[in-house]
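The values are calculated or read from the model by the stated rules, or taken from the named source; none is laboratory data. In this text the structure is predicted, and so the values were computed from the model without any measurement. Every residue, glycine as well, gets a Cβ built from its backbone with ideal geometry; the counts of neighbours run over all protein chains shown. Heavy atoms of the whole protein, side chains included, go into the accessibility calculation; ligands, DNA and RNA do not. Shrake-Rupley method; radii C 1.70, N 1.55, O 1.52, S 1.80 Å.
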There are 2 protein chains.
Amino acid sequence: MRIGLVQMNPKFGETTRNLDLALKLLSSKPADLWVLPELFNTGYQFISKKEAYDLSETVPSGPTTQSLIEIAKTLKTHIVAGLAERLGKKCYNASILVGPSGHIATYRKIHLFYEETRWFTPGDVPFQVNAIHYKSQAGGRRKCNIGMMICFDWIFPESARTLALLGADLICHPSNLVLPHCPQAMITRCLENRVFAATANRIGTESRKKEKLKFIGQSQIVSPRGQVLSRASSHKEAVHVVTIEPKDARTKAINPYNHLLNDRVEQFYK
Amino acid sequence: MRIGLVQMNPKFGETTRNLDLALKLLSSKPADLWVLPELFNTGYQFISKKEAYDLSETVPSGPTTQSLIEIAKTLKTHIVAGLAERLGKKCYNASILVGPSGHIATYRKIHLFYEETRWFTPGDVPFQVNAIHYKSQAGGRRKCNIGMMICFDWIFPESARTLALLGADLICHPSNLVLPHCPQAMITRCLENRVFAATANRIGTESRKKEKLKFIGQSQIVSPRGQVLSRASSHKEAVHVVTIEPKDARTKAINPYNHLLNDRVEQFYK
């Protein structure tokens, strides 16, 4: 299964330009699933709740979701992308999964970071896992179980753990990382859960307020054995495609005596 | 608070020699708390249940615990050490905490690794945290909350998380690591829980069976911000002492909007 990552530098508020750039980048190589950054179409550093709301879109009827569905149909691919989801008067930091059949799932960021807590409503639906299908090199139809989490969710081990317990083979992880720790920590997340993880991060800076934000890039795909299969630079736009075997994430037995999920001793966990 | 790590190469079955070596090493520098490796007095690679049992000792009445208590009194220090604990007909892979006042706590390894499952009974009491006291540089009496976990417990994020939720400032982590991932992963454990961690690992090899085990050393102390304050080599005996401020682990707010423990959204966790 070919997993593509788009690492790009969205310009704040220029949703059409950012969407067009993302579509161009993900059209440049073939892949079965693309992962785009968090808030890839709006940019990150909102300065008011109204601004975030005005840049948000309904899902799946809004223009960004519709464009992504359209290109997913054309390219026969799937796309995970972060955007601001509008629902009535609420606004979520969300990630959508779309494919040739249309909209498949929406994840609403459960652990909002920093000032996101001012603009967004925290995710109010559970983590979920959705199966998608792709054509194997031999031509057969194969399944991959996709879980989504967004950026800061990484620091809570419960996020990736929950997705693994729900059966995720691959954690798609749209991000706008500014702190340095996540790329390394995602290796731990993959090792402890034996899952793949695809973190699509952005690059560039935003300084719409006193605080200047510098995004760290380093979009990466990590294997269930903790190998970094691909890592982009910290400052350049990048389109990386890596071929993975989703079923490598399904054997949680790490030796004849230990199983990463069955060995959990819940009665001793807080 | 001065935390000392002993990285040593136990000789299998030579409990007196191994104990004497550990006592010599921890007497070589002043510290308020020492951490010794897992099974520091017996060695690791048992070939039968009987052998493990024969090398196990009661706690606190056995000779190893008594010797550690004695030196803790003499040196006015505390010691965390891994040993095989005998209880009736059972045998645990355990870690004890002793100090000038005697035996304080025993942790029995909950997640046994590989063939340990053949020799040992899995830990049957919950993770716990115990306060110890030390004299600050200014002369005042200060508290540090000590949690213990052993080696392979690291791969289950629930172990360190549980200790953090119980109030641990410092996770003492006696180890006999053979796989390469733990030193890096412990940085993630410290970041996600904002705790200190002191991993005391052994060096050397054991090949009492067909499988040759090579222990990776790299004993380390990591700060709540994920800094490696000290890391020993992969192959040399080492005695490292690092001064830490336990209360640096007590602020779980990582910015004005986020708190590593209070931001957990348990209803969405499996």
Test: residue in the stretch A:145-153 that is of a type in the set (Asp, Glu), within 17 Å of B:Phe268 (Cα to Cα), part of a loop (DSSP other than H, G, I, E, B) and within 14 Å of chain B (Cβ to nearest Cβ): no
Cross-chain or 6+ apart pairs with Cβ under 8 Å, the stretch A:257-270 first and within 7 Å of another protein chain (Cβ to nearest Cβ) and assigned to a helix (DSSP H, G or I), then buried (at least 18 other Cβ atoms within 10 Å of the Cβ) and hydrophobic (A, V, I, L, M, F, W, C): A:Phe268/B:Ile110; A:Phe268/B:Phe127
Matching option when the condition is more than 16 Å from the chain's Cα centre (by Cα), open to solvent by 60 Å² or more (accessible area, probe 1.4 Å) and on the phi > 0 side of the Ramachandran plot, among A:Lys29, A:Lys76, A:Lys11: A:Lys76
Failed criterion for B:Ala197 (all others in (1) of a type in the set (A, V, I, L, M); (2) without any contact (Cβ under 8 Å) to a residue 24 or more places away in the chain; (3) buried (at least 17 other Cβ atoms within 10 Å of the Cβ) hold): (2)
Contacts under 7 angstrom Cβ, first residue in the stretch A:162-189 being more than 15 Å from A:Tyr107 (Cβ to Cβ), partner surrounded by fewer than 23 Cβ atoms within 10 Å (Cβ to Cβ) and of a type in the set (D, E, K, R), 6 or more apart: A:Leu165/B:Lys270; A:Asp169/A:Arg250; A:Val178/A:Lys214; A:Pro183/A:Arg231
Qualifying position, being β-branched (Val, Ile, Thr), more than 14 Å from chain B (Cβ to nearest Cβ) and in contact (Cβ under 8 Å) with a residue 60 or more places away in the chain, among A:Ile244, A:Ile254: A:Ile244
Candidate set: the stretch B:32-73, residues that are on the phi < 0 side of the Ramachandran plot and among the small types (Gly, Ala, Ser); chosen: the one most open to solvent (accessible area, probe 1.4 Å): B:Ser61
Count of residues meeting criterion [over 18 Å from the mean Cα position of the chain (by Cα) and either more than 15 Å from A:Glu85 (Cβ to Cβ) or away from every other protein chain (no Cβ under 14 Å) (or both)] in the stretch A:112-132: 4
Residues (more than 10 Å from chain A (Cβ to nearest Cβ) and surrounded by fewer than 24 Cβ atoms within 10 Å (Cβ to Cβ)) located in the stretch B:154-176: B:Gly167
The one condition in (1) in contact with a His (Cβ under 9 Å, 6 or more places away or on another chain); (2) without any contact (Cβ under 8 Å) to a residue 24 or more places away in the chain that A:Ser159 fails to fulfil: (2)
Residue in the stretch A:209-251 that is surrounded by the most Cβ atoms within 10 Å (Cβ to Cβ), counting only those that are basic (Lys, Arg) and assigned to a strand (DSSP E or B): A:Arg231
Pair list, Cβ under 8 Å, 6 or more apart: the stretch A:121-135 residue open to solvent by 50 Å² or more (accessible area, probe 1.4 Å), other residue of a type in the set (D, E, K, R) and not in a strand (DSSP E or B): A:Pro122/A:Lys109; A:Lys135/A:Asp32
Selected residue (criterion: nearest to the other protein chains (Cβ to nearest Cβ)) from residues of the stretch B:92-111 that are open to solvent by 10 Å² or more (accessible area, probe 1.4 Å) and in contact with a strand residue (DSSP E or B) (Cβ under 7 Å, 6 or more places away or on another chain): B:Arg108
Any hit, the stretch A:223-234, residues being touching a residue at least 24 places away in the same chain (Cβ under 8 Å), within 12 Å of chain B (Cβ to nearest Cβ) and within 27 Å of B:Asn262 (Cα to Cα): no
Pair list, Cβ < 9 Å and 6+ apart or interchain, from the stretch B:59-76 residues that are closer than 9 Å to B:Pro100 by Cβ and without any contact (Cβ under 8 Å) to a residue 60 or more places away in the chain to residues that are charged (D, E, K, R) and in a loop (DSSP other than H, G, I, E, B): B:Lys76/B:Asp32
B:Leu39 in contact (Cβ under 8 Å) with a residue 60 or more places away in the chain and under 15 Å from the mean Cα position of the chain (by Cα): yes
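Please verify whether A:Gly62 is under 21 Å from A:Gln128 (Cβ atoms) and at pLDDT 95 or above, treating the condition exactly as stated. Walk me through how you get there before you give the answer.
Numbers: under 21 Å from A:Gln128 (Cβ atoms): yes; at pLDDT 95 or above: yes.
Judged against the criteria, A:Gly62 is a match.
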